[in-house]
Amino acid sequence: MLMFIVLTLTGCVLLYLSHSNQQWLQRPLSIRPWRWLGVAAVLSGLLFSASYLPVNSALFAWLVIMMLCIGLLPFAALLKPPVEDSVSER
């Protein structure tokens with residue numbers, strides 16, 4: 001159960017960070033290794049969940065966790081402190 005959640009969340013974070021519109025990093029992660037690793041992690045999370053849950057329950061839980069994670073990740077950038085300007089106020 002823990003591997004299912006960890007793999008799915010890690011895969012969603014890697015997919016988000018490799019997208020061009022992400023707001024966490026200055027530049028997105030490169031597509032070639034990181035996005036494919038994210039897809040592999042998400043799919044292996046589905047396989048882990050199907051190993052101990054019925055298939056339809058595993059698919060439902062997997063989709064709900066992915067929707068929740070991908071829906072909330074863009075808002076996590078709002079938790080970062082604002083970047084100070086290099087020009088000080090006079």
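The values are calculated or read from the model by the stated rules, or taken from the named source; none is laboratory data. Every value quoted in this text rests on a predicted model; they were computed, and no experiment measured them. In this analysis, Cβ positions are derived from the backbone assuming ideal geometry, glycine residues included, and neighbour counts consider all displayed protein chains.
Just to verify a result, which residue in segment 32-90, among those that are part of a loop (DSSP other than H, G, I, E, B) and among the aliphatic types (A, V, I, L, M), is modelled with the highest pLDDT?
Ranking the candidates gives L53 first.
Can you tell me which of L53, L73, L29 is under 14 Å from L9 (Cα atoms) and surrounded by 11 or more Cβ atoms within 10 Å (Cβ to Cβ)?
On inspection, the qualifying residue turns out to be L73.
What tally of residues in segment 12-38 results from selecting those that are over 15 Å from A76 (Cα atoms) and in contact with a Leu (Cβ under 7 Å, 6 or more places away or on another chain)?
Summing the residues that are over 15 Å from A76 (Cα atoms) and in contact with a Leu (Cβ under 7 Å, 6 or more places away or on another chain) in segment 12-38 gives 7.
Can you name every residue in segment 9-26 that is among the small types (G, A, S), in a loop (DSSP other than H, G, I, E, B) and either within 13 Å of the chain's Cα centre (by Cα) or crowded, with 18+ Cβ neighbours inside 10 Å (or both)?
Result: S18, single match.
Would you confirm, using the coordinates I've provided, whether V6 is on the phi < 0 side of the Ramachandran plot, surrounded by 17 or more Cβ atoms within 10 Å (Cβ to Cβ) and part of a helix (DSSP H, G or I)? Quick ask: steps written out before the conclusion?
Values: on the phi < 0 side of the Ramachandran plot: yes; surrounded by 17 or more Cβ atoms within 10 Å (Cβ to Cβ): no; part of a helix (DSSP H, G or I): yes.
It is false that V6 is on the phi < 0 side of the Ramachandran plot, surrounded by 17 or more Cβ atoms within 10 Å (Cβ to Cβ) and part of a helix (DSSP H, G or I).
Tell me the residue from A61, A41 that is buried (at least 16 other Cβ atoms within 10 Å of the Cβ), under 13 Å from the mean Cα position of the chain (by Cα), at negative phi and not basic (K, R), please. First the steps, then the outcome.
Values: A61 fails: under 13 Å from the mean Cα position of the chain (by Cα).
Only one candidate passes the filter, namely A41.
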